[in-house]
Amino acid sequence: MNHLSCDVLVVGGGPGGYPAAIRAGQLGLDTIIVDRDGLGGTCLNRGCIPSKAFIHAATKYAEMMEHVGDGALGISLSEAPKFDMAGLTGWKDIIVKKLTGGVAQLLKAAKVRAIDGWAKFEDAKTCLVETSDGETVKITAQNVVLATGSIEVELPFLPFGKNVIGSTGALELTELPKKLVVVGAGYIGLELGIAFRKLGSEVTFIEALDRILPLYDKELVRPVTRWLKEHKVDVQLSCKAKGVVEEGGKTFLEYEDAKGETQKIEADAILVAVGRKPLTEGWGLDKMGIPLTGKYIKVNERCETGMRGVYAIGDLAGEPLLAHRATAQGERVAEIIAGHKAAFDPVSIAAVCFTEPELVGVGLSPDEAKEKGETVITGKFPLAANGRYLSMEGGTDGGFIRVTARESDHVILGIHAVGKHVSELSGEFALAIEMGARLEDVAGTVHVHPTLTEGLAEACLAALGHPIHISA
């Protein structure tokens, strides 16, 4: 058995773990990172990146279909484009391989030792790693960063296998399902379900709640609901999935409808997208003496656990389960271990849903602000009044940017948007709130024309009562 020691041991090579290891290496700390399922974690291998590649390809195909026959924008196609599901999956894999290979090079440049294997802790600072080569390595570290991430929630009455898949399985399909049933209408289910609809699948959502995308307010979700109706996507709300039945060589999802009656719907594939849970099993958490808060590891603003020198970041450390949150935590933890005065204490973290159209939210909605006792003013700018939006074939989807500010001092408390490509505005939204910007700060910043960013300035002007490109 090989014995290794280090200043920092990072367990998990996802969007939290590998930045933590790179930053620790940059700071001169002897660092080892252990990961079994591919550097980049769920984000690069099975989540964020492959799903966005899939969504991009689906959107491109749908846009090309609009040019068949009479065409659009003066562009026409004499026949419909051909789609090959296996070809899309192969292209997605090329992107994933390129990015994960890049992570390996970055770790090497930071002098981080990467071990491909599964870690099991004997105590808080010592673990055994079964490597992919069949060897066993014992690692003792002064500091440990736990970044094991999360896994898909599997329903006991809908276990993965055969025609029942999770988001990972959906991104590995080599044949397009003619009929797709999605259990769960949260952001993962909606993103993938909409992409499959663009590719030509018949899509039905079965959602236990009485609305889709519950993390976003109804005004923001309305354009997404409109798209679903216009594209004949069936959404069954207040319904509970019960199980799979096979009849006559066909697969059906059985569910209880809003009236409590049992129904069934045929499906070539059933995508279960009911959330994710932290990966806390199989690596020795029970031997580390670390307290939990519910299903997550309890941490403070420095990402410290109840055990000195042991840190937890990313999905393991609680909501929101976002890759960019994990990355920021990883960087801060490395600096804290190196002795820097640092903490993970953001004002707010932006969240994006890559549906059609896209959704962005950072900070408080008007209702949330009022619940916290704030007296607010709001400004809303319809993207149909934005020249760049119209030039990108937007304007008919109900997209808008909305800003919420404290009435007394005009400090911005929240910014939300829905529309084509609004995910690219999330950085400006987050920066404004993180820096404590007032409405006047954003409105007084000269925004480039023609860009979507002008919409934020106009929303701030609307909140101040004197917008330029819409009526006050």
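Descriptive notes on the structure:
- Residue pairs meeting the criteria (Cβ under 9 Å; at least 6 apart or on separate chains; first under 13 Å from residue 189 (Cα atoms) and at pLDDT below 95, in segment 203-230; second crowded, with 22+ Cβ neighbours inside 10 Å and among the aliphatic types (A, V, I, L, M)): 214/185
- Number of positions in segment 166-199 that are under 22 Å from residue 93 (Cα atoms) and open to solvent by 20 Å² or more (accessible area, probe 1.4 Å): 10
- Residues of segment 232-255 classified as open to solvent by 70 Å² or more (accessible area, probe 1.4 Å) and either closer than 25 Å to residue 198 by Cα or assigned to a strand (DSSP E or B) (or both), total: 6
- Contact annotation: residue pairs with Cβ atoms under 6 Å, 6 or more positions apart or on different chains, pairing a residue in segment 371-389 that is under 16 Å from residue 450 (Cβ atoms) with a partner that is among the hydroxyl-bearing types (Ser, Thr, Tyr), are 383/389; 388/451.
- Within segment 33-58, considering residues that are open to solvent by 30 Å² or more (accessible area, probe 1.4 Å) and β-branched (Val, Ile, Thr), the one farthest from residue 197 (Cα to Cα): 42
- Exactly one residue among 273, 269 is over 22 Å from the mean Cα position of the chain (by Cα) and of a type in the set (A, V, I, L, M, F, W, C), and that residue is 269.
- Scanning segment 130-146 for residues that are buried (at least 20 other Cβ atoms within 10 Å of the Cβ) and out of contact with any Cys (no Cβ under 9 Å at 6 or more places or on another chain) returns a single hit, 146.
- Residue 149 over 21 Å from residue 243 (Cβ atoms), open to solvent by 40 Å² or more (accessible area, probe 1.4 Å) and small (Gly, Ala, Ser): no
- Residues in segment 283-313 that are more than 19 Å from residue 18 (Cα to Cα) and among the charged types (D, E, K, R) were compared, and the one that is most open to solvent (accessible area, probe 1.4 Å) is 308.
- Within segment 153-165, the presence of a residue that is among the acidic types (Asp, Glu) and either in a strand (DSSP E or B) or open to solvent by less than 60 Å² (accessible area, probe 1.4 Å) (or both) is excluded.
- Residues that are on the phi > 0 side of the Ramachandran plot and either in contact (Cβ under 8 Å) with a residue 24 or more places away in the chain or open to solvent by 50 Å² or more (accessible area, probe 1.4 Å) (or both), drawn from segment 256-279: 275
- Residue selected from segment 1-32 under the condition open to solvent by less than 40 Å² (accessible area, probe 1.4 Å) and in contact with a Lys or Arg (Cβ under 6 Å, 6 or more places away or on another chain), by the criterion nearest to residue 337 (Cα to Cα): 25
- Wholly within segment 35-118, helices (runs of 4 or more DSSP H) carrying at least 3 residues that are modelled with pLDDT of 95 or more, of a type in the set (A, V, I, L, M, F, W, C) and closer than 30 Å to residue 282 by Cα: 85-109
- Scanning segment 90-129 for residues that are open to solvent by less than 20 Å² (accessible area, probe 1.4 Å) and in contact with a Ser or Thr (Cβ under 6 Å, 6 or more places away or on another chain) yields 112, 117, 126.
- Screening residue 304 on (1) farther than 16 Å from residue 148 by Cβ; (2) in contact (Cβ under 8 Å) with a residue 40 or more places away in the chain shows it passes everything except condition (2).
- Taken together, 149, 189, 161 contain a single residue that is modelled with pLDDT of 95 or more and on the phi > 0 side of the Ramachandran plot, which is 149.
The values are calculated or read from the model by the stated rules, or taken from the named source; none is laboratory data. These numbers were taken from a predicted model, which means no experiment stands behind them. Virtual Cβ from ideal backbone geometry, glycine too; neighbours counted across all protein chains shown. Each accessible area value is taken on the protein alone, full model and side chains, heavy atoms only, with ligands, DNA and RNA left out. Shrake-Rupley method; radii C 1.70, N 1.55, O 1.52, S 1.80 Å.
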